[in-house]
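In what follows, a single structure is set out as structure tokens and then discussed.
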Amino acid sequence: MRDVDERNLAAGLAAAAEEAPEPSLDADRLLGAADRRRRRSAVLVGLAVGLAAAIVAGVATLVGVLDDTEDRAPDVTATGVAPSSAAPEPVQLPRLDEGELYVMSRAAGDLGLGQYAAVFTNLRTDDCRCSVTVFLTDLGQKGAFLAAMVAREPLINSTHVLFKQGARPRAECRSLATTIGNGLFAGGLPFRVYSVSPTIECSTIEVGVDDVRAAQAYFDGPDNRWRQEGLALTALPGEPAQAY
Amino acid sequence: MGDRRESVAEFVAARGRALTRYAYLLCGDAAEDLVQEALVRALARRRQAPEDPQKLEQYVRRVMVNLVIDQSRRAARWHKALPRLATASDVRDASGEVCERLTLAASLAGLPPRQRACVVMHYYEDLPLAEIAGRLGCGVGTVKSQLHDARRALAEVWDGPRRPSGEAVETVVAVETVEAAGDPV
């Protein structure tokens, strides 16, 4: 199979580059566009920060999150106090295209599985298609995490990256879910277990069962040998896996 | 503001041509749009005058590469701006023989964005494989593979640099790629 000689290619590229048209870049136009771009970003950041200030009264450190009533784990402030549940309406960020969401998710995922594995729980692309939420066990590192994302992918608009509290690191979460799942599937319980899965922030293990009342009573009672600090077991209606 | 404007004007005067050439290899006739977009994004990150022109240029180049690689997934603006250039299949005659070879710029445009970016970064910008891998967020092996595939694709449609008279400078050499020992990692 044919191949191009690398020296030819380098020479060819240098020659081809000379064919580029003369640029007509104007400093004033560039700066004007840059200032408009920065003002747009500042408005979005200001809205998010203002919302956080309304939620967290009297706390110096602001957590830049949007309230999401579906999340089970509360957003914990620097003082360890969960914010009031009577939160104002969340402010919707502009929708992003799939490419931008992909780039953000990829950067966050790479960092979470690598350099930040000790504090990374999970991430999700939010239903609004306007943001990516990263779950960290140590929200004090969100600034560094965000800076690392932007260093990795300069195109990322940081106002569309949100952070929420994770209960435990991903590896620990998976190990815990596996241990609990193996124990529950072993049987000997007053109900049948069909599925075991942690919630996205890993504060809860959701167990699909045939008898929700019996299962929840067990999980809340003294016989639950998987009871531990900071972990809830929740029974949900489940179904047996379908054979293909 | 005056300092900032002067710094930017100086930078554009000194490096605008080089950035446009780089952008031209990445995306063809949309080069100036690419340079402008990357510069706007770079300048939007700080209010002050750019401190280090070299760092600014490196940043702008990285942004341009990322924009081009993500072009297939991004909003319509970039898709509208990209030139539609002939591929080898467009110039084949009825018998299937290639009747016209393409210029390198046109050949590059036929490569997938990631391959094209690898070629430009390695053979034009002279970046080591490890740095390219870091910028693209992939392994060195992946970069080697991209370069290998790109060279083979180019060999099908480009027959090497030519003198102004049209005479070939060097012919395409049909050899297997030999991996250089001790590539920097």
For A:SER131, A:SER203, give the ranking by accessible area with the largest first, probe 1.4 Å.
A:SER203, A:SER131
For peptide B:33-46, how many partner chain Cβ atoms fall within 10 Å of a residue's Cβ, on average?
5
Not counting ligands, DNA or RNA, and with a 1.4 Å probe, what is A:PHE185's accessible surface area in Å² rounded to the nearest 10?
110 Å²
Please list B:HIS122, A:HIS160 in order of solvent-accessible area, largest first, computed with a 1.4 Å probe with all protein chains present.
B:HIS122, A:HIS160
Going 7 Å from the Cα of A:ALA10 along its beta-carbon direction, which residues of region B:125-144 have the amide nitrogen within less than 15 Å of the resulting point?
B:125-129
Note the buried accessible area between A and B here, summed over both chains, with a 1.4 Å probe, in Å² to the nearest 100.
5000 Å²
Considering only DSSP beta bridges whose two residues both sit in region A:129-244, what percent are antiparallel, to the nearest 5?
35 percent
What does the accessible area of A:TRP226 come to, in Å² to the nearest 10, when a probe of 1.4 Å is used?
20 Å²
Which whole-number percent is the relative contact order of region A:110-162 (Cα, under 8 Å, 6+ apart)?
31 percent
Skipping prolines and chain starts, which residues have an amide H placed within reach, meaning under 5 Å, of the one on A:THR204, given they are 5 or more residues away or on another chain?
A:THR199, A:ALA232
Could you report the accessible area of B:ASP52 in Å², rounded to 10, computed with a 1.4 Å probe on the protein chains as they sit in the structure?
60 Å²
Kindly work out what percent of the DSSP beta bridges joining two residues of region A:100-175 are antiparallel, to the nearest 5.
50 percent
Once the Cβ-Cβ distance between A:ARG192 and A:ALA171 is put in as r, and R0 is 45 Å, what FRET efficiency do you end up with, to the nearest 0.05?
0.95
Sorted by mean Cβ packing within 10 Å, highest first, what order do the peptides B:62-70, A:6-14, B:126-134 take?
B:62-70, A:6-14, B:126-134
Any idea of the accessible area per residue across region A:167-220, 1.4 Å probe, to the nearest Å²?
48 Å²
Could you sort the residues of region B:51-71 by number and keep only those whose accessible area is reduced by 50 Å² or more in the all-protein-chain setting relative to the chain alone, 1.4 Å probe?
B:ASN66
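The values are calculated or read from the model by the stated rules, or taken from the named source; none is laboratory data. Keep in mind that what you see is a predicted model, and the values were worked out from it rather than measured. Cβ sites come from the backbone with ideal geometry, for glycine too, and all protein chains shown count toward neighbours. Ligands, DNA and RNA are stripped out before the accessible areas are found, and what is left, the full protein with its side chains, is counted by its heavy atoms. Shrake-Rupley method; radii C 1.70, N 1.55, O 1.52, S 1.80 Å.
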